[in-house]
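Structure, as structure tokens:
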Amino acid sequence: MLGNVVKGSTSAARPRMRRLWLKAHRWLGLSFGVVLMVAALSGSVMLAVEPIDELINRDLTFPTDASNVSYGAVLENLEGFTKPNTDVTLRPPRDANESFQAFVRGDWRGTVYLHPSTGEILGRRGETEGFMGFLFALHSNLFAGEVGKAVLTMSVIAYLLMLASGIYLWWPKRWSRALSMRWTAGTHRALFDWHRVTGVLFGFVVLIALGSGAYMAWPPLARSVNLLVNDTHSAPPSISGGPPTARTVEVAVQQAQTLFPTAMVGYVQIPTLPDRPIRVRLRLPDDPHPNGLTSVWLHPDNATPIRSDLWSELDLGTHAYAYIYPLHIGELWGTPWTILVFITGGVLSAYAVTGFLLWVRRRR
């Protein structure tokens with residue numbers, strides 16, 4: 001008799017647990033589904049539109065006769081942008097006939113495009129100007145700065161709970177029907193089966209895409225990783241001097257390339273305030289990050305090297321960016337992964353749409 005009582009109570013608990021998971025899944029989706037859909041769609045569209053944007057704006061991105069690079073000429077023409085309290089990061093060309101780009105973060109925020117040899121300003125774009133600027137701002141922070149990044153991070157946590165609850169609700173009694181979709185059983189059934197099966201098939205891939213984005217957007221995640229492994233974040237060295245001259249920046253890049261002759265120059269960060277070193281970011285041949293995470297810090301007065309940080313020796317929280325960034329933008333494993341990341345954005349958007357339609361039909 002005791003066995004029957006236990007069995008009966010267990011059987012009664014299962015429907016209650018299922019209803020609880022179903023409510024959690026439904027209301028998390030209704031609360032965060034739109035945010036997740038916006039982030040997913042904007043990311044996928046960016047992958048498709050970026051090559052087209054470069055072709056349309058060839059006058060900015062691919063100037064003619066750009067075989068030589070002159071940091072001195074570039075910085076001379078950037079003097080109007082290098083004001084106090086303004087961060088300037090240089091991106092030298094990485095391919096033949098590619099323009100020199102300067103990312104400016106101050107009273108005006110955006111990208112200045114320059115001819116690599118002459119330093120002539122080819123044009124400039126505000127941070128949210130153009131279709132790509134609009135998409136990037138929408139994708140990275142929902143046009144809401146740090147608040148938007150926090151909302152996106154909360155949405156990723158909500159998706160993790162939705163994935164867990166969705167797997168619980170999907171878990172089949174008959175595995176032969178685990179991935180079956182009944183297209184002829186009516187619209188409601190077809191929507192339900194598509195939502196259920198694709199959620200299981202693509203759920204973890206979507207989680208990787210969302211989780212990697214949250215890791216980059218929310219710095220406390222990297223700090224949490226360091227705390228877990230008892231690691232310390234490497235802070236920039238403190239110096240006395242600066243800001244640097246154009247000649248000093250040019251020499252600093254040469255010094256960094258001398259230390260790492262096989263590396264590609266990814267970025268050059270110029271301090272516009274005193275007490276900050278010049279930072280030259282390099283990509284070594286074994287670094288998976290497309291921009292490189294190896295840093296050479298140099299004195300702003302004389303370009304003397306102060307410290308070098310190899311990407312492979314960084315703290316774990318920062319080292320993870322070497323893989324997480326190319327993973328998120330679809331470059332880590334070549335074209336197949338790029339295509340999968342693009343599809344993932346559409347799948348996540350379809351989750352939101354089908355989930356909403358199922359809720360509406362249920363209310364009716």
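Data for the structure
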read-out	value
Three-way shape call for region 220-315 based on the alpha-carbon gyration tensor, with the a/c threshold at 1.5	oblate
Of SER295, LEU357, TYR325, farthest towards positive along the dipole that unit charges on Lys, Arg, Asp, Glu beta carbons give region 221-364	LEU357
Reduced Cα scattering model of the chain, Debye log10 I(q)/I(0), q = 0.10, 0.13, 0.14 Å⁻¹	-0.75, -1.11, -1.24
Stretch gain in nm, segment ARG125-SER224, where the contour uses 0.36 nm per residue and the Cα spacing is subtracted	32.1 nm
Axial C-alpha extent at least 18 Å, average Kyte-Doolittle at least 1.0 - helices from the chain (DSSP)	145-170
Whether region 45-127 is rounded, prolate or oblate, judged on the alpha carbon gyration tensor where a/c under 1.5 counts as rounded	oblate
In nm, spacing of pseudo-spin labels at ASN302 and ASP65 (7 Å Cα→C-beta vector)	3.9 nm
Largest to smallest accessible area among VAL147, VAL205, VAL229, VAL253 [probe 1.4 Å]	VAL147, VAL229, VAL205, VAL253
Chymotrypsin sites (Phe, Trp or Tyr not before Pro) restricted to DSSP loop in region 320-349 with at most 15 other C-beta within 10 Å	TRP333
Theoretical ellipticity at 222 nm over the chain - DSSP helices of four or more residues, -39500 (n - 2.57) apiece, nearest 500	-18500 deg cm²/dmol
Mean separation of Cα contacts under 8 Å, 6 or more apart, over the residue count of the chain: relative contact order %	18 percent
Net charge dipole size for the chain [Lys, Arg +1 and Asp, Glu -1 on Cβ; Debye, nearest 20]	3400 debye
Cut-off 13 Å (backbone N to label point 7 Å along Cα→Cβ of SER238), residues of region 293-309	none
Nearest-0.05 FRET efficiency for MET17 and ARG362, computed from C-beta distance (R0 22 Å)	0.65
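The values are calculated or read from the model by the stated rules, or taken from the named source; none is laboratory data. Note that the structure is predicted; figures quoted are calculated from it, not measured. Here the Cβ is made from the backbone with ideal geometry for all residues, glycine too, and neighbour counts use every protein chain on show. Side chains included, ligands, DNA and RNA excluded: accessible areas come from the protein's heavy atoms. Shrake-Rupley method; radii C 1.70, N 1.55, O 1.52, S 1.80 Å.
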